[in-house]
1. Tell me, please, whether a residue that is at pLDDT 80 or above, surrounded by fewer than 16 Cβ atoms within 10 Å (Cβ to Cβ) and either in contact with a Leu (Cβ under 7 Å, 6 or more places away or on another chain) or among the charged types (D, E, K, R) (or both) can be found in the range 336-348.
2. Pick from the range 29-53 the residues that are touching a strand residue (DSSP E or B) at 6+ places or on another chain (Cβ under 8 Å) and assigned to a loop (DSSP other than H, G, I, E, B): which of them is nearest to Thr96 (Cα to Cα)?
3. Sort through Tyr296, Tyr300, Tyr269, Tyr307 and tell me the only one that's touching a helix residue (DSSP H, G or I) at 6+ places or on another chain (Cβ under 7 Å) and closer than 22 Å to Phe380 by Cα.
4. Return the pair list, or none, for Cβ contacts closer than 8 Å from residues in the range 89-109 that are of a type in the set (D, E, K, R) to residues that are not in a loop (DSSP other than H, G, I, E, B), at least 6 apart or on different chains.
5. For Tyr193, indicate whether it is in contact (Cβ under 8 Å) with a residue 12 or more places away in the chain and touching a helix residue (DSSP H, G or I) at 6+ places or on another chain (Cβ under 6 Å).
6. Scan the range 234-247 and tell me whether some residue there is β-branched (Val, Ile, Thr) and in contact (Cβ under 8 Å) with a residue 60 or more places away in the chain.
7. In this structure, is Thr195 outside the structural domain of Ile69 (by TED's automatic domain parsing), touching a strand residue (DSSP E or B) at 6+ places or on another chain (Cβ under 9 Å), surrounded by fewer than 17 Cβ atoms within 10 Å (Cβ to Cβ) and under 29 Å from Ala299 (Cα atoms)?
8. Kindly indicate the residue of the range 135-182 that is of a type in the set (S, T, N, Q) and over 21 Å from the mean Cα position of the chain (by Cα) and also surrounded by the fewest Cβ atoms within 10 Å (Cβ to Cβ) among those meeting that condition.
Amino acid sequence: MLNIQKILTQGEGLTIEFKRAKNELPSSLFETVCAFLNRSGGTILLGISDDKTIEGVDPECARTMCKNIANLSNNPQKLFPAFLLTATTIEFRGKTIIHIFVPISSQVHKTNGKIFDRSEDGDFELKTNEQIKQLYNRKSILYTENRIYPYLTEEHFAKGIVERARRMIKNNRPDHPWNDLNDKDFFVTAGLYRTDLGTGQEGFTMSALLLFGRDEIIQSAIPHYKVDAVLRRHDLDRYDDRENIRCNLIEAYDKLISFVAKHLPDKFYLAGDQRISLREKIFREIIANMLIHREYSNAYPSMFVIYKDRVETKNANKPVFVGQLMPGKFEPFPKNPNIAIVFTQMGRSEELGTGVKNVFKYSKAYSGSDQIVFEENDVFIAKVPLSDAIYSTDEHAGKPEERTNERTGEEITGEINEEINEEIKRVFHLILKNGGIKAKTIAQGIGRPKKTVDHYLRKLRELGKIHYIGSKKTGGYYAAK
């Protein structure tokens with residue numbers, strides 16, 4: 001949760017800006033947005049004056065103002081290149097405040113035809129060619145995801161992958177402004193297709209290739225790219241199981257999530273009166289961060305290793321500082337902002353910095369330990385502790401939902417092969433592997449509308465394969481019988 005008091009105490013500076021805004025957006029808002037995108041990112045709070053007085057915004061106007069922020073940030077006439085921002089309302093000391101988190105961008109942005117940068121003193125316009133050139137140079141050195149491949153076309157993308165990604169965005173955010181764009185405008189707005197104003201090159205970028213490319217196309221352009229998923233619970237010299245992943249990042253995420261579900265158990269856990277998956281909460285963040293923040297120009301391979309006492313990841317990195325990251329004590333810095341924003345809009349990652357907080361928050365409940373390592377260096381290392389308590393000694397260790405059935409997934413699905421189609425079987429496998437999962441999460445997992453998933457769930461309940469646990473009013477989940 002955003003700590004407003006801490007931000008107020010810190011005051012305005014390089015990454016914090018307060019603006020008065022009673023019932024309309026301040027005229028200078030996008031100058032600050034542009035400056036934050038071009039420099040180090042930051043937090044904007046509307047409804048607070050420069051002297052930290054909490055004036056608030058008109059609650060009746062807040063929703064419209066938030067919608068206008070999203071629409072204007074997605075409008076290249078206002079912000080170029082467009083960079084979609086999400087604003088949220090917060091109640092603080094009896095007042096309504098609007099919070100806008102602006103990430104660092106890997107591109108140079110303009111508003112109303114002007115380029116702004118940020119200093120401790122506020123926003124300032126870059127007016128000389130030398131200042132603008134230095135900004136472009138800084139971005140090109142920091143971010144390799146913007147590398148343009150002029151001969152890369154949509155024919156080089158995996159079949160159906162763009163449609164799937166856009167469907168997941170629509171399911172996650174039905175009112176998302178990207179939903180009304182055609183594919184070409186979507187690529188441009190998401191920063192996946194760009195023109196380099198320094199060289200005149202135009203085309204799809206490395207981020208587009210990594211997100212959507214076919215395996216062989218990615219390997220031809222980035223031959224060192226791979227993710228090794230390894231289980232070393234017993235055979236520490238080699239491995240007990242291994243998956244070598246060389247596909248696009250959307251499919252790589254699926255494969256890593258499946259590898260985790262195959263080898264790590266999930267524990268029953270209630271947050272209030274709602275069951276959540278601790279395994280999903282922790283490892284979706286680890287996996288998303290691993291894929292989003294890798295330095296893809298570096299040949300060091302990504303590693304995801306499950307040991308008996310820990311899960312450890314290693315990733316090529318371009319550090320902005322060196323040392324251990326602790327929640328609330330570091331400034332989040334995206335290594336690949338365009339990849340990050342697509343993953344976030346798909347619902348596969350949280351706002352920058354939130355993922356680290358979630359891992360710390362849920363690790364104690366999952367394994368009994370919060371001795372977590374996030375070490376920023378030339379190789380980024382993450383370590384999440386495990387313990388014997390989360391494992392069972394029987395042959396289905398790591399799959400408590402199958403133990404409940406006392407039958408294997410193959411036996412169960414074998415009974416329904418003739419009764420349901422392939423997509424419904426995918427839904428059933430998700431329920432079987434997770435031991436308890438919400439309809440919204442299933443919809444995100446298979447990239448289908450929730451209404452369609454609800455139809456599949458009704459069919460599975462009619463067949464007697466699943467049941468609903470919990471209250472429709474307070475929330476519940478689906479589990480295999």
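1. For the range 336-348, residues at pLDDT 80 or above, surrounded by fewer than 16 Cβ atoms within 10 Å (Cβ to Cβ) and either in contact with a Leu (Cβ under 7 Å, 6 or more places away or on another chain) or among the charged types (D, E, K, R) (or both): absent.
2. Pass one, the range 29-53, residues touching a strand residue (DSSP E or B) at 6+ places or on another chain (Cβ under 8 Å): 29-50, 52.
Subset that is assigned to a loop (DSSP other than H, G, I, E, B): 39-41, 47, 49-50, 52.
Working: Arg39: 28, Ser40: 26, Gly41: 23, Gly47: 7, Ser49: 13, Asp50: 17, Lys52: 14 Å.
Looking at residues that are touching a strand residue (DSSP E or B) at 6+ places or on another chain (Cβ under 8 Å) and assigned to a loop (DSSP other than H, G, I, E, B), I get Gly47.
3. Exactly one residue qualifies, and that residue is Tyr296.
4. Glu91/Ile97; Arg93/Ile54; Lys95/Ile54
5. Here the answer is yes, as Tyr193 does meet what is asked.
6. First, the residues of the range 234-247 that are β-branched (Val, Ile, Thr): 245.
So of that shortlist, the ones also in contact (Cβ under 8 Å) with a residue 60 or more places away in the chain come out as none.
Looking through the range 234-247, none of the residues is β-branched (Val, Ile, Thr) and in contact (Cβ under 8 Å) with a residue 60 or more places away in the chain.
7. yes
8. Quick first cut of the range 135-182, residues of a type in the set (S, T, N, Q) only: 137, 140, 144, 146, 153, 171-172, 179, 182.
The next check asks that each one be over 21 Å from the mean Cα position of the chain (by Cα); those that pass are 137, 140, 153, 182.
On the way: Asn137: 11, Ser140: 16, Thr153: 11, Asn182: 7.
Among those residues, the one meeting the criterion is Asn182.
The values are calculated or read from the model by the stated rules, or taken from the named source; none is laboratory data. Since the model is a prediction, treat every value here as computed from it, not as a measurement. Quick reminder, even Gly has a Cβ in these numbers, built from the backbone with ideal geometry, and neighbours come from all protein chains shown.
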